[in-house]
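Asker: The structure is given below, and queries will be raised subsequently.
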Amino acid sequence: MAKANDLTQGKVSSLILRFYFPMLLTNMLQQMYNIADTAIVGKGLGDNALAAVGNMSSLTFLVFGFSMGLANGFSVITAQSFGAKDYSKLRRSVASSAMLCLVIALVLTALSTAFLRPVLHLLRTDAAIMHDGLVYGYFIFGGLIATIAYNLCSCILRALGDSKTPFVAIIISTIVNIFLDTFCIFVLKTGVEGAAIATIFSQIVSALICFRRIRRIDVLDIKAEDFRGNGALYIELFSNGLPMALMNSITAVGCMVIQYFVNGLGVAYTTAYSACSKFINLFMQPSCTAGFAMSAFTSQNYGARKFERIREGLHVCLAIATISYVVLGSVMVFLPTYLARVMVSGSEPIAIAKTYLPICGVFLFAVDFLFIFRNGNQGFGKPLIPMISGIVEMALRIGVIALFIPAIGFSATAYAEASAWIGALILNMCAFEHTLRKNTALSPANQEKLSSAA
């Protein structure tokens with residue numbers, strides 16, 4: 001049997017960095033194989049196929065983001081239980097999370113496949129890419145249960161301080177994904193469905209690797225009774241997971257509105273926006289990963305009532321985000337043409353991408369810091385703040401693009417993103433600081449100090 005990783009003991013910076021780097025490589029590999037997917041589709045099937053797959057990104061974010069938010073929210077309860085050394089609740093939380101995710105996977109699969117066509121029409125999807133978009137979407141959403149299974153398993157492992165197993169899983173699944181992508185598209189000539197099949201199969205591989213690891217963790221020796229009599233725990237899991245799921249979905253709605261305006265400009269703009277979105281998602285990963293580390297670290301130490309350690313963890317994660325911004329933001333500002341050429345062939349989409357990437361590169365600091373503070377709030381078990389910030393993001397995205405796209409065109413999409421990031425950052429930063437100061441003042445260790453001083 002294997003042991004979980006206790007983040008409440010030991011040097012803070014060392015713990016976070018050891019936890020961070022395997023998770024960073026995991027997330028970067030995920031994004032790299034998403035980019036490889038996109039590049040293979042673009043080079044093998046053409047810009048229209050790339051536009052069709054990219055056009056699905058906001059819709060897949062809506063569905064996948066909802067399920068990922070639930071899994072993240074559920075895992076906060078798992079991490080807090082582990083930090084408090086309440087192993088009975090830990091086992092029951094994992095068992096209950098698995099049951100809930102199974103039901104949610106079935107419901108989301110039915111809804112997403114049933115409403116795919118009308119939603120694509122609502123997004124003003126061009127007729128030239130509608131067929132490929134439908135084919136890709138039906139396959140991807142049909143395999144949703146594999147994605148949710150991987151999300152849940154990886155979140156449970158991270159809640160217990162294990163970032164290495166998801167890394168191994170992603171290495172293997174990335175190799176599988178790229179091989180199947182290339183084989184299906186260039187050898188079997190399958191079209192966009194080949195890319196979808198490769199993605200689903202690779203997610204199954206990832207989920208199985210993570211599940212095997214979970215079965216070997218000593219504190220997760222789950223029995224049949226852990227699945228029974230968990231009504232109150234279901235409510236606690238949902239009260240923490242649902243706001244985080246809604247936050248992702250609300251953010252996705254804002255992205256879908258952006259996609260609506262972009263699609264109205266023509267296929268070349270859809271292609272450019274798809275390519276740019278892939279790079280932004282990739283360049284967010286160092287800070288996004290630091291946010292996941294902040295969530296796990298905060299959750300365990302909140303359960304253990306060690307608030308000064310949370311402050312130390314915040315400083316480490318913010319340092320990571322700052323370095324990420326300086327390096328990757330500079331690449332977006334100074335090398336946009338080289339980035340665009342990786343995925344698109346036409347001169348028009350490349351020229352369009354050159355107007356978008358530098359603006360987002362300048363403001364990348366806002367979303368980098370947002371990941372840290374938002375995940376910190378989630379680690380405190382305060383999911384309503386991130387959900388409200390999701391509403392703020394959506395409102396700013398929609399408001400800015402609706403107001404400015406008639407005047408400045410496609411560049412308005414970049415300013416809409418930047419304004420959403422800044423607005424959400426301010427809200428999450430203030431809420432995190434308030435919660436941390438309040439809990440630190442009321443902590444037993446601080447009360448002892450005050451008593452001694454008196």
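The values are calculated or read from the model by the stated rules, or taken from the named source; none is laboratory data. All values reported here derive from a predicted model rather than from experimental measurement. We place every Cβ from the backbone using ideal geometry, glycine too, and count neighbours over all the protein chains shown. Ligands, DNA and RNA are excluded from the accessible area calculation, which covers all protein heavy atoms including side chains. Shrake-Rupley method; radii C 1.70, N 1.55, O 1.52, S 1.80 Å.
Asker: Quantify, in whole percent, the carbon and sulfur part of the accessible surface of the chain (1.4 Å probe; protein heavy atoms only).
Answerer: The value for the chain is 68 percent carbon and sulfur by accessible area.
Asker: With only Lys, Arg, Asp and Glu charged, each at its Cβ (+1 for the first two, -1 for the last two), find how big the charge dipole of the chain is about the Cα centre; round to the nearest 20 debye.
Answerer: 1000
Asker: Which links in K85/K278; K89/K278; K164/K189; K11/K438; K89/K382 stretch past 30 Å when you go from one Cα to the other?
Answerer: Long pairs (Cα-Cα over 30 Å): K85/K278; K89/K278; K164/K189.
Asker: Taking Cα pairs under 8 Å and at least six residues apart, what relative contact order does segment 1-158 come out at, in percent?
Answerer: After rounding, I find 29 percent.
Asker: In percent, how large is the relative contact order of the chain, given Cα pairs closer than 8 Å and 6 or more residues apart?
Answerer: 24
Asker: How big is segment 168-263 in terms of Cα radius of gyration and Dmax, in angstroms?
Answerer: 19.6, 53
Asker: Still on this structure, I have one more. Report the normalised scattering of segment 75-231 as log10 I(q)/I(0) at q = 0.13 Å⁻¹, calculated by the Debye formula with identical scatterers on the alpha carbons.
Answerer: -0.72
Asker: Related question: Tell me, what is the per residue accessible area of segment 36-166 in Å², probe radius 1.4 Å?
Answerer: 33
Asker: Could you compute how fast segment 357-410 diffuses translationally, taking Rh as the Kirkwood radius over C-alpha pairs and applying Stokes-Einstein at 25 °C with viscosity 0.890 mPa s? Give it in µm² per second.
Answerer: 190
Asker: In nm, give the distance between the simple-model label positions of Y138 and R212, each being 7 Å from the Cα along the Cα-to-Cβ direction.
Answerer: Using points 7 Å along Cα→Cβ, the separation is 3.4 nm.
Asker: Quick one: which residues, 5 or more positions from I217 or on another chain, have an amide H under 5 Å from its amide H? H modelled 1.01 Å from N in the peptide plane, none for Pro or chain starts.
Answerer: A2
Asker: Among the Cys residues of the chain, which have no other cysteine Cβ under 4.7 angstrom away?
Answerer: Among the cysteines of the chain, those whose Cβ sits 4.7 Å or more from every other are C101, C155, C184, C255, C276, C288, C317, C360, C430.
Asker: Can I ask one more? Using only the alpha-carbon atoms of segment 239-315 as identical scatterers, what base-10 log of I(q)/I(0) does the Debye formula give at q = 0.15, 0.17 Å⁻¹?
Answerer: -0.74, -0.85
Asker: Find, to one decimal place in angstroms, the Kirkwood hydrodynamic radius of segment 323-426, where the mean of 1/r is taken over every pair of different Cα atoms and then inverted.
Answerer: Kirkwood hydrodynamic radius for segment 323-426: 14.8 Å.
Asker: Å³ per residue of the Cα convex hull, for segment 62-156?
Answerer: 79
Asker: Semi-axes of the chain's equivalent ellipsoid from the Cα gyration tensor, sqrt of 5 times each eigenvalue, largest first, rounded to whole Å?
Answerer: 36, 26, 19
Asker: Dimensions of segment 140-215 along principal axes (Cα, Å, largest first)?
Answerer: On the principal axes, segment 140-215 reaches 43, 22, 15 Å in Cα extent.
Asker: Once every DSSP H run of n ≥ 4 in the chain is given -39500 (n - 2.57) and the sum is divided by its residues, what mean residue ellipticity at 222 nm do you get, rounded to the nearest 500 deg cm²/dmol?
Answerer: Helix-only estimate at 222 nm: -29000 deg cm²/dmol.
Asker: Right, another one. Any idea which of F371, A340, Q259 is furthest toward the positive side of the dipole for the chain, if Lys and Arg beta-carbons carry +1 and Asp and Glu beta-carbons -1?
Answerer: F371
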